[in-house]
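> I have a structure I would like to understand better, so I am pasting it below and will then ask my questions one at a time.
Any read-out appearing in this document is the output of simple, stated calculations on the displayed coordinates, not a laboratory observation. Bear in mind the structure is a predicted one, so any value in this text is a computation, not a measurement. Positions of Cβ are generated from backbone atoms using ideal geometry, with glycine treated the same way; all protein chains shown enter the neighbour counts.
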Amino acid sequence: RAEADPLRPRFHFVSPAGWLNDPNGVCQWNGVYHLFYQYNPEGAFHHRIHWGHATSLDLVTWTDQPVALEPSPGPDADGCWSGVLVDDGGTPTLVYSGRLDERELPCVAVGSGDLSTWTKAPQNPVISAPPAGVDITAYRDHCVWREGSRWRQLVGSGIRGRGGTAFLYESADLRSWDYVGPLLIGDASQGDPAGTDWTGTMWECVDLFRAGAGSLGSVPADGSPDVLVFSAWNDGDTRHPLYWTGRYAGDSFEPSALHRLDYGGRYFYAPQSFLDVAGRRIMFGWLQEGRSDAAMVEAGWSGVMSLPRVVTVAGDGTLAFAPVPGLAALRRNHVGLPARVLVGLGLLETGVQGNQLDLELDVQLEPGAVLRLGVLGSADGAEETVIELSRARGGAAGGEGQCVLRLDRTRSSLAPAGGGEAAVDVEEKSGPVPLRDGKVHLRVLVDRSAVEIFANGKPLTARVYPTLGGGRVTLSAPEGTVRLLDFDAWTMADIWGGPRTLFP
Ligand code: FRU
């Protein structure tokens with residue numbers, strides 16, 4: 001059933017069927033890339049979570065592997081929630097959240113050399129309770145690293161009445177842990193709980209790493225920042241990934257600035273990253289659905305894994321993201337457009353057509369200019385997803401150095417926007433993009449219901465649910481002067497050939 005859904009992506013990783021959420025245990029082990037993921041094989045709803053597993057040699061095509069972890073009587077009887085993989089002197093070892101009776105505690109499992117079978121540690125749970133005397137909102141998800149002769153671990157949490165936090169622990173053997181203290185405590189009273197930079201009442205999926213040269217705990221020769229990624233959680237729907245740049249030293253993290261990780265907010269949630277042997281930091285995130293629970297169950301599948309992203313440090317010290325270069329292997333049917341100046345342009349038919357596309361544009365925006373790129377358009381124009389870049393007029397604050405990237409989904413789907421089971425989310429997404437010489441490099445990957453946009457390294461990810469099956473690509477420049485310097489488009493090949501085997 002899932003395979004018959006025209007909205008199911010064809011070059012993103014999706015689970016064989018059923019439910020997928022967070023990426024887990026992402027790594028490269030003996031040359032093979034491994035992606036584990038939060039998985040419910042029973043149906044497209046979140047319940048009794050297993051760890052699904054897939055492998056890849058190129059981060060582009062994937063081979064399904066049998067389920068890696070499943071709940072069993074004991075501390076993970078109600079689910080094996082998010083966690084990470086570490087190399088314990090040659091032994092692959094998972095640290096994950098075992099769920100029992102509506103709470104989670106850290107558990108450990110030891111893997112076979114091919115990472116396919118896992119044995120749960122008899123010591124589970126390896127931490128028997130959250131820190132005593134702290135009124136916590138939740139306690140789960142892990143980040144584990146080696147520092148000198150010891151292991152260190154962060155567990156995501158929140159302190160009631162204060163904000164999200166990550167508790168720091170230390171261990172010699174991954175089985176017995178000493179509590180050190182909170183690494184950093186957020187302030188949930190600052191900002192708007194519905195706003196895009198609210199730091200939340202709980203931090204899910206904390207991920208601490210050195211971006212650039214060196215490793216955690218060392219003094220960086222070149223000023224490379226340490227980065228603390230977390231998914232700010234609240235009861236509503238405004239969950240989103242954020243990160244602090246700053247310095248991790250001793251037992252704390254000294255933050256310098258807070259940043260939005262992806263302007264799509266909850267559509268790139270619970271990211272996790274790792275360093276591959278080439279020294280690249282690769283990040284995955286969960287592209288959750290924007291349709292109703294009933295529609296997911298009906299479709300038979302839910303959740304898309306992002307394309308793997310290479311994370312680098314931009315000139316201004318923030319993170320920059322780009323899809324892995326290897327994706328170029330899927331490109332087919334190149335279409336290029338000559339450079340031209342777009343002024344007061346109503347609509348330019350690019351001639352590009354398809355719902356699996358890779359688009360790469362270089363544009364220059366004069367002050368006051370607006371560029372619109374329409375994708376997934378129906379022949380009559382009734383349905384269309386619009387990506388907009390706009391630059392403020394004159395030298396107003398932010399006008400010189402940046403533009404705004406905006407995703408307009410109000411016409412993405414004829415499915416009704418308000419109420420009812422057919423409703424889909426059409427909330428506008430936007431964020432600032434630094435201009436380089438007035439220029440933006442815009443990369444747009446369209447995969448049926450998944451859209452990943454990168455504008456000068458700033459990502460905006462979302463889901464759309466077109467009903468008419470259109471694939472028209474148009475350009476317009478309704479205001480000001482836009483120079484189209486480069487335009488290249490490709491259709492993207494399927495990575496999923498035959499039917500998928502269902503595991504277990
Ligand atoms: C994030 C999350 C994690 C948890 C897992 C459960 O999306 O809620 O906090 O471990 O998903 O599936």
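> Which of Gly381, Pro9, Ser273 sits closest to the plus end of the dipole of the chain, meaning its Cα is farthest towards the positive end, when Lys and Arg get +1 and Asp and Glu get -1 on the C-beta?
The listed residue farthest towards the positive side: Gly381.
> Just want the answer: with Cβ charges of +1 for Lys and Arg and -1 for Asp and Glu, which residue in Ala489, Gly89, Leu307 is farthest toward the dipole's positive end in the chain?
It is Ala489.
> Please name which of Val352, Ala188, Gly317 has its Cα lying farthest along the dipole of the chain towards the positive end, using unit charges on Cβ (Lys, Arg +1; Asp, Glu -1) and the Cα centre as origin.
Val352
> By its C-alpha gyration tensor, with a ≥ b ≥ c as the square roots of the eigenvalues, how is segment 107-234 shaped: rounded for a/c under 1.5, else prolate for a/b larger than b/c, else oblate?
oblate
> Given Cβ point charges of +1 (Lys, Arg) and -1 (Asp, Glu) and nothing else, what value in debye, to the nearest 20, does the dipole of the chain about its Cα centre take?
680
> Determine the shape class of segment 288-389: with a ≥ b ≥ c the square roots of the Cα gyration tensor eigenvalues, call it rounded for a/c under 1.5, and otherwise prolate if a/b is greater than b/c, oblate otherwise.
oblate
> Quick check: pseudo-label points 7 Å beyond the Cα along Cα→Cβ at Thr91 and Ala213, how many nm apart are they?
3.6
> Let me ask something else about it. So if I place +1 on the C-beta of Lys and Arg and -1 on the C-beta of Asp and Glu, and nothing else carries charge, what would the dipole magnitude of segment 287-356 be about its Cα centre? I want it in debye, nearest 20.
340
> Cα atoms only, segment 126-186: Rg and Dmax in Å?
Cα-based Rg and Dmax for segment 126-186 come out at 11.4, 36 Å.
> Given R₀ = 41 Å, what would the calculated FRET efficiency be for Asp197 paired with Thr119, taking r from the Cβ atoms and rounding to 0.05?
E(calc), rounded to 0.05, equals 0.45.
> Give me the dipole magnitude in Debye, nearest 20, for segment 238-347 about the Cα centre, with unit charges on the beta carbon: positive for Lys and Arg, negative for Asp and Glu.
The dipole of segment 238-347 has a size of about 420 debye.
> Next up: Per-residue HN-Hα couplings for segment 367-380, Karplus 6.51 cos²θ - 1.76 cosθ + 1.60 at θ = phi - 60°, whole Hz, x for Gly and Pro?
x, x, 8, 10, 10, 10, 10, x, 10, 6, x, 7, 4, 8
> Follow-up. Quick one: what are the phi-derived ³J(HN,Hα) couplings along segment 348-354, Karplus 6.51/-1.76/1.60 with θ = phi - 60°, whole Hz, x for glycine and proline?
10, 6, 7, x, 7, 9, x
> Let me ask you something else. Restricting things to Cα coordinates, could you compute the convex hull volume per residue of the chain in Å³?
144
> Could you tell me whether segment 1-108 comes out rounded, prolate or oblate from its Cα gyration tensor? Rule is a ≥ b ≥ c as square roots of the eigenvalues, rounded for a/c under 1.5, then prolate if a/b exceeds b/c, otherwise oblate.
oblate
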